[in-house]
Amino acid sequence: MLETVAAPEPNGRPDGVWSMNTARAESGEVTVAGVPVSLIAAQFGTPTYILDEADMRTRARAWVEAMEKAFTSLAGADVYYAGKAFLSKAVARWMMDEGLNIDAASEGELRTALAGGVPGSRIGLHGNNKSEAEIALAIDSGIAHIVIDSIPEIAKVARIASERGRSAPVYVRLTTGVHAGGHDFIQTAHEDQKFGLSVTSGAAYDAITQIAGTPGLKLVGIHSHIGSQILSTDGFAEAAKVVLDVRAWAAQRGIEIPEVDLGGGYGVRYTSQDAVPPAPEEFAEVLAQAVRAHCDATGLPAPRISIEPGRSIVAPAMMTLYTVGTMKDVATDSGPRRYISVDGGMSDNLRPALYGANYTAAVVGREATGAGCRSRVVGKHCESGDILVKDVSLPPVEIGDLLAVPVTGAYGRSMGSNYNMLPRPGVIAVRDGQCTVLLRRETIEDQLAYDLG
Ligand SMILES: *Cc1c(COP(=O)(O)O)cnc(C)c1O
């Protein structure tokens with residue numbers, strides 16, 4: 001069992017868990033990019049997601065710079081921001097400004113990226129069961145590539161492309177058999193799951209041959225995504241080798257594949273007990289070494305490489321701000337525990353309930369001193385599994401205190417729900433002392449408006 005520890009002090013240190021512009025002011029209150037959290041709470045209410053814009057941009061740029069540096073002597077590299085982690089029109093625009101492209105996995109993500117001003121040529125489309133409308137919109141917008149995820153999809157994409165009098169650039173998603181990442185549900189490269197075409201079974205080779213012989217489809221790349229929240233570089237190198245072997249197999253049959261996408265899944269630190277993940281430069285260098293070694297061995301020209309980080313760009317840039325509503329102390333076999341109830345819960349952060357994910361929390365509206373108490377931060381939903389922070393040492397907390405959970409930028413708002421008919425919180429971006437509403441808070445009126453009686 002892990003020791004009960006307090007959150008690291010909110011000070012934006014790179015080895016901490018708070019975004020780079022998070023700091024504790026002299027008053028004892030925490031600020032984000034110079035804006036006190038109490039001001040955000042007063043103006044926008046709680047719960048609210050607070051996004052440190054400069055932090056997110058910096059993380060995005062770091063990936064682009066690392067990949068450019070590692071791959072200049074090869075055939076170059078692209079970084080696709082995985083929009084499913086968190087996307088809004090502004091975020092799509094920021095990522096484009098920083099030199100990234102966007103990965104979309106649904107019509108909603110695709111249309112949000114387009115509405116943010118990202119051209120189709122800088123967007124890739126994923127999904128294991130894409131609709132007609134999704135494929136058609138992707139083709140019409142001049143998408144960079146559609147990632148084919150199953151055999152029946154080959155004919156479907158070809159038909160939709162021909163109906164529109166265009167050809168569709170496609171990738172094939174391979175399952176490499178490489179296991180990596182956190183929970184079972186976020187490991188995506190083993191055989192017995194829904195994504196991709198198996199290399200082991202031969203389905204991947206069949207797909208490549210079939211696509212190469214299908215008019216209207218242009219095979220531009222092969223793709224692998226091995227999982228998520230991965231904290232070591234090993235799996236990526238291993239998967240790269242499998243994908244490059246498949247590319248070499250195709251080349252022997254006269255099928256040239258110019259691009260290789262090695263997916264996302266780069267991990268982050270959620271609590272001070274998590275390992276510090278390798279930096280983007282380290283991942284980029286490992287990928288470049290794998291590509292260089294393979295090309296040297298096979299004599300094939302280097303492919304253009306892309307990667308798809310989501311979590312590692314946005315997770316640490318965001319925190320969720322809550323207000324404490326009530327508390328109770330219980331006795332457990334392992335000693336006393338304080339339950340601290342806040343005004344959100346599993347509807348704004350499903351990850352603890354879905355994956356058993358660990359987070360930490362801190363009192364941010366004031367300097368809270370006093371002996372730490374073993375605490376559990378819970379939401380207001382009708383589920384006993386509605387836990388936000390399983391175990392954290394918190395100083396004496398008072399009703400009405402502002403509590404923040406850091407590292408909630410990825411898969412927080414984007415996996416949010418209206419369970420118990422709670423309106424989903426807004427997302428406030430903060431930069432240089434200025435707040436911008438990226439997503440406004442939903443209202444009960446929004447929900448009543450689509451309830452047609
Ligand atoms: C989810 C996903 C990503 C992003 O994963 P992160 O863990 O957020 O980096 C990238 N590519 C594909 C195909 C995905 O499904």
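Selection of first residues in segment 214-240 that are closer than 21 Å to Glu256 by Cβ and of second residues that are away from the ligand (no atom under 15 Å from the Cβ) and of a type in the set (Ser, Thr, Tyr), restricted to Cβ pairs under 9 Å at least 6 apart or on distinct chains, gives the following pairs, ordered by first then second residue: Pro215/Ser162; Pro215/Ser167; Gly216/Ser162; Gly216/Ser167; Leu217/Ser167; Lys218/Ser167.
Residue by residue, here is whether (1) in contact with a Gly (Cβ under 7 Å, 6 or more places away or on another chain); (2) at positive phi; (3) among the basic types (Lys, Arg); (4) outside the structural domain of Gly379 (by the TED database) holds:
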| residue | (1), (2), (3), (4) |
| --- | --- |
| Gly34 | yes, yes, no, no |
| Ala82 | yes, no, no, yes |
| Met95 | no, no, no, yes |
| Leu100 | no, no, no, yes |
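Filtered by the rule that a residue be small (Gly, Ala, Ser) and buried (at least 20 other Cβ atoms within 10 Å of the Cβ), segment 396-415 gives Ala404, Gly409, Ala410, Gly412. Being away from the ligand (no atom under 13 Å from the Cβ) and either surrounded by 20 or more Cβ atoms within 10 Å (Cβ to Cβ) or at pLDDT below 95 (or both) is the requirement here; does Ser272 meet it? Criteria met by Ser272. When Ser393 is tested against (1) without any contact (Cβ under 8 Å) to a residue 24 or more places away in the chain; (2) surrounded by 13 or more Cβ atoms within 10 Å (Cβ to Cβ), only condition (1) is not met.
So which of Ala66, Ala23, Ala42 ends up being within 16 Å of the ligand (Cβ to nearest atom), small (Gly, Ala, Ser) and surrounded by fewer than 24 Cβ atoms within 10 Å (Cβ to Cβ)? Going through Ala66, Ala23, Ala42 in turn, just one is within 16 Å of the ligand (Cβ to nearest atom), small (Gly, Ala, Ser) and surrounded by fewer than 24 Cβ atoms within 10 Å (Cβ to Cβ): Ala66. Looking only at residues of segment 228-247 that are within 14 Å of the ligand (Cβ to nearest atom) and in a helix (DSSP H, G or I), we find that the one that is nearest to Asp149 (Cα to Cα) is Val243. Within segment 248-264, if we keep just the residues that are touching a Pro at 6+ places or on another chain (Cβ under 8 Å) and part of a loop (DSSP other than H, G, I, E, B), the residue that is nearest to Ala279 (Cα to Cα) turns out to be Gly264. If the condition is being under 25 Å from His145 (Cα atoms) and either among the polar types (S, T, N, Q) or in contact (Cβ under 8 Å) with a residue 60 or more places away in the chain (or both), then segment 286-306 contributes Leu287, Ala288, Val291, Arg292, Cys295, Pro301, Ala302, Pro303, Arg304, Ile305, Ser306. Screening Gly108 with (1) within 16 Å of the ligand (Cβ to nearest atom); (2) in a helix (DSSP H, G or I); (3) surrounded by 23 or more Cβ atoms within 10 Å (Cβ to Cβ) gives one miss only, at (3).
Which of the following residues is modelled with pLDDT under 95, within 26 Å of the chain's Cα centre (by Cα) and surrounded by fewer than 24 Cβ atoms within 10 Å (Cβ to Cβ): Tyr419, Tyr355?
Working: Tyr419 fails: modelled with pLDDT under 95.
Being modelled with pLDDT under 95, within 26 Å of the chain's Cα centre (by Cα) and surrounded by fewer than 24 Cβ atoms within 10 Å (Cβ to Cβ) holds for just one of Tyr419, Tyr355, which is Tyr355.
Looking at segment 248-264, which of the residues that are small (Gly, Ala, Ser) and within 11 Å of the ligand (Cβ to nearest atom) is nearest to Ile313 (Cα to Cα)? It would help to see each step written out before you state the result.
Looking only at segment 248-264, we keep the residues that are small (Gly, Ala, Ser), and these are 248, 250-251, 254, 263-264.
Then keep just the ones that are within 11 Å of the ligand (Cβ to nearest atom); that gives 263-264.
Values: Gly263: 14, Gly264: 11 Å.
Of everything passing the filter in segment 248-264, Gly264 is nearest to Ile313 (Cα to Cα).
Among the residues making up segment 23-59, those that are assigned to a helix (DSSP H, G or I) and closer than 26 Å to Val378 by Cα are Val37, Ser38, Leu39, Ile40, Ala41, Ala42, Gln43, Phe44. Could you tell me whether segment 209-227 includes any residue that is within 16 Å of the ligand (Cβ to nearest atom), in the same structural domain as Ile151 (by the TED database) and at pLDDT below 95? Scanning segment 209-227, I find at least one residue that is within 16 Å of the ligand (Cβ to nearest atom), in the same structural domain as Ile151 (by the TED database) and at pLDDT below 95, so the answer is yes. So is Ala62 in a helix (DSSP H, G or I), small (Gly, Ala, Ser) and in contact (Cβ under 8 Å) with a residue 60 or more places away in the chain or not? For Ala62, the condition - in a helix (DSSP H, G or I), small (Gly, Ala, Ser) and in contact (Cβ under 8 Å) with a residue 60 or more places away in the chain - is met. When segment 90-105 is filtered for residues that are more than 16 Å from the ligand (Cβ to nearest atom) and in contact with a strand residue (DSSP E or B) (Cβ under 8 Å, 6 or more places away or on another chain), the ones remaining, listed by number, are Ala90, Met96, Gly99. Looking at Pro316, is it in contact with an Asp or Glu (Cβ under 8 Å, 6 or more places away or on another chain) and either in a helix (DSSP H, G or I) or within 16 Å of the ligand (Cβ to nearest atom) (or both)? Here the answer is yes, as Pro316 does meet what is asked.
The values are calculated or read from the model by the stated rules, or taken from the named source; none is laboratory data. Because the structure is predicted, anything quoted here is derived from the model rather than measured. Quick reminder, even Gly has a Cβ in these numbers, built from the backbone with ideal geometry, and neighbours come from all protein chains shown.
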